[in-house]
Amino acid sequence: MNTHPLPGAPHLAYQGPDLMLEGVRLSDLAATHGTPLFVYSKAAMLSALAAYQRGFAGRKARVHYAMKANSSLAVLQVFAQAGCGFDIVSAGELDRVIAAGGNPAWVIFSGVGKTRAEMRRALEVGILCFNVESEAELEVLNEVAQSLGRRAPISIRVNPNVDAKTHPYISTGLKGNKFGVAHERALSVYQRAASLPGLEVVGIDCHIGSQITTTSPYLDAMDRVLDLVQAIEAAGIPLRHIDFGGGLGIDYNGDTPPAADALWAQLLAKLDARGYGQRELMIEPGRSLVGNAGVCLSEVQYLKPGEQKNFCIIDAAMNDLPRPAMYEAFHQIVPLRLNSAAAETVYDVVGPVCESGDWLGRDRALQVQSGDLLAVLSAGAYCMSMSSNYNTRGRAAEVLVDGTQSHLIRRRESHADQMQFEQLV
Ligand code: LLP
């Protein structure tokens, strides 16, 4: 069975035969709320956040939670109450921040395709900064801001083009993808931005990719960004803040990313060495704040032995948890109660959706029988927020655990919910 500590430990652990999240027995939640069910630990989220906050204590720095990872209102509320700003990529996300009690003045707006309507909304509520991703966007934002009689605070997302040979897993900070402005063009784009009356240049940002499990790509990218800061300021354009983009990767299957405070120690050492340690600093972590704080509970429906494969068919599917189908991502799958009488067998764990791509785990040794409950681990990030209604499956319910308390934070979607926006001709 498991050879590693459970991702999510110490908040996720077996107590006797029962899998507990904080002080709550997960099989009790499955019995109360049904399956599939997402369950999140508030303490796990806050302790992940605290590692970032410890790392930059004493500096002018803030975490802007990249809410695309998990945009459920109660999750946003936890981070808003803990002093986070937010990194958003749509006006829909902005309205969620406001609904959850977040401060719009601490919102940064990323994304390559912001519409005029989204820009207007963000200007009206007074966000902190637009992370602009192209020259064309700069011109449009200038027009929109002027039409409202405002100046839009901007930062330009620069593409540090960190060497792919050294760090092949970095996918968004390289030439040849749709994100950011090329390093070589950055200075002239900043000069253009500084000349536009509807814009106020306030910072610089980059984002080099996700699920990064070593510090060196961050340090390389930072060097490239600081080179630009120097050049841009030498050209007479002061920059108030530096934003390092997304956060660290997490442990899905024995991965060993550095702790967030250890990453900061290295980032700050470099910033100090280059004389930029007193700038306003920002980071936009998503996955590392919520990923290992969440699990998806599911019930085994059928066991289907086959000649080449045995299938364990569960009631969660690719519509609930699309990462395996989309990225061949690995999530550990463990029982909610140990000591099943069943013999250990190797299964592909699959959902009921009519696609061969609908699998959640391949070649997993499990002791299960029909009716047993399983947990798909590391399911707090990019699972519920990427879920769909494919096969007319209602979205799962969600529960937030806090000590020995549990709160239903989203009820299960009904069939009527799914049809509410449609009409017959
Ligand atoms: N900032 C920007 C501009 C981003 O594009 C992202 C993630 C983040 C911050 C947060 O990065 P994180 O701290 O979570 O690594 N759906 C994929 C991940 C897509 C990440 C997209 N951008 C997955 O499930 O692995």
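Would you point out the residue of segment 213-229, among those that are touching a helix residue (DSSP H, G or I) at 6+ places or on another chain (Cβ under 7 Å) and within 16 Å of the ligand (Cβ to nearest atom), that is farthest from V144 (Cα to Cα)? Checked segment 213-229; the qualifying residue farthest from V144 (Cα to Cα) is T215. There is no residue in segment 182-190 that is closer than 21 Å to G111 by Cβ, modelled with pLDDT under 95, in contact with a Gly (Cβ under 9 Å, 6 or more places away or on another chain) and not in a helix (DSSP H, G or I). Filtering segment 79-100 to residues that are away from the ligand (no atom under 13 Å from the Cβ), surrounded by fewer than 24 Cβ atoms within 10 Å (Cβ to Cβ) and within 24 Å of A396 (Cβ to Cβ) leaves A80, G92, D95, R96, A99, A100. Is it the case that G357 is in a loop (DSSP other than H, G, I, E, B) and either among the aromatic types (F, W, Y) or within 16 Å of the ligand (Cβ to nearest atom) (or both)? Criteria met by G357. Scanning segment 278-312 for residues that are part of a strand (DSSP E or B), in the same structural domain as H33 (by TED's automatic domain parsing) and surrounded by fewer than 18 Cβ atoms within 10 Å (Cβ to Cβ) yields Q301, Y302, L303, K304, F311.
Number of residues in segment 130-162 that are in a helix (DSSP H, G or I) and either of a type outside the set (S, T, N, Q) or buried (at least 24 other Cβ atoms within 10 Å of the Cβ) (or both): the value is 10.
With respect to (1) outside any loop (DSSP other than H, G, I, E, B); (2) touching a residue at least 24 places away in the same chain (Cβ under 8 Å); (3) surrounded by fewer than 22 Cβ atoms within 10 Å (Cβ to Cβ), the lone exception for G394 is condition (1).
The set of residues in segment 354-394 that are in contact with a Phe, Trp or Tyr (Cβ under 6 Å, 6 or more places away or on another chain) and under 15 Å from R323 (Cβ atoms) comprises S378, G380, M384. Do we have any residue at all in segment 413-420 that's under 27 Å from Q308 (Cα atoms) and either outside the structural domain of P10 (by TED's automatic domain parsing) or not in a strand (DSSP E or B) (or both)? Checked against the condition, which is being under 27 Å from Q308 (Cα atoms) and either outside the structural domain of P10 (by TED's automatic domain parsing) or not in a strand (DSSP E or B) (or both), segment 413-420 yields no hits at all. For A329, indicate whether it is in a helix (DSSP H, G or I), modelled with pLDDT of 95 or more and surrounded by fewer than 22 Cβ atoms within 10 Å (Cβ to Cβ). So A329 does not fit the description; no. Is there a residue in segment 262-270 that is in contact with an Asp or Glu (Cβ under 6 Å, 6 or more places away or on another chain) and within 16 Å of the ligand (Cβ to nearest atom)? No; the residues of segment 262-270 include none that is in contact with an Asp or Glu (Cβ under 6 Å, 6 or more places away or on another chain) and within 16 Å of the ligand (Cβ to nearest atom).
Take R54 and tell me if it is part of a strand (DSSP E or B) and in contact with a Phe, Trp or Tyr (Cβ under 9 Å, 6 or more places away or on another chain). Judged against the criteria, R54 is not a match. All conditions in (1) closer than 19 Å to F109 by Cα; (2) more than 11 Å from the ligand (Cβ to nearest atom) hold for I208, with the sole exception of (2).
Residue by residue, here is whether (1) free of Cβ contacts under 8 Å to residues at least 60 places away in the same chain; (2) part of a loop (DSSP other than H, G, I, E, B); (3) within 14 Å of the ligand (Cβ to nearest atom); (4) surrounded by 13 or more Cβ atoms within 10 Å (Cβ to Cβ) holds:
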position: A231; (1), (2), (3), (4): yes, no, no, yes
position: F244; (1), (2), (3), (4): yes, no, yes, yes
position: L248; (1), (2), (3), (4): yes, yes, yes, yes
position: T256; (1), (2), (3), (4): yes, yes, no, no
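Restricting the first member to segment 201-228 and to residues that are over 21 Å from K178 (Cα atoms), and the second to residues that are part of a helix (DSSP H, G or I) and not basic (K, R), the beta-carbon pairs closer than 6 Å and six or more apart or on different chains are V201/A193; V201/A194; T215/L263; T215/Q266. Of everything in segment 32-70, what is assigned by TED's automatic domain parsing to the domain that holds S406 and over 19 Å from E22 (Cα atoms)? Give them in sequence order. Within segment 32-70, G34, T35, P36 qualify.
So that you can scan it fast, the table gives a plain yes or no per residue for (1) within 16 Å of the ligand (Cβ to nearest atom); (2) in contact with a Ser or Thr (Cβ under 9 Å, 6 or more places away or on another chain):
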residue: N292; (1), (2): yes, yes
residue: P352; (1), (2): no, no
residue: D372; (1), (2): no, yes
residue: S387; (1), (2): yes, no
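The values are calculated or read from the model by the stated rules, or taken from the named source; none is laboratory data. Predicted, not measured: the structure shown is a model, and the values here were computed from it. Here Cβ is always computed from backbone atoms with ideal geometry, including for glycine, and neighbour counts include all displayed protein chains.
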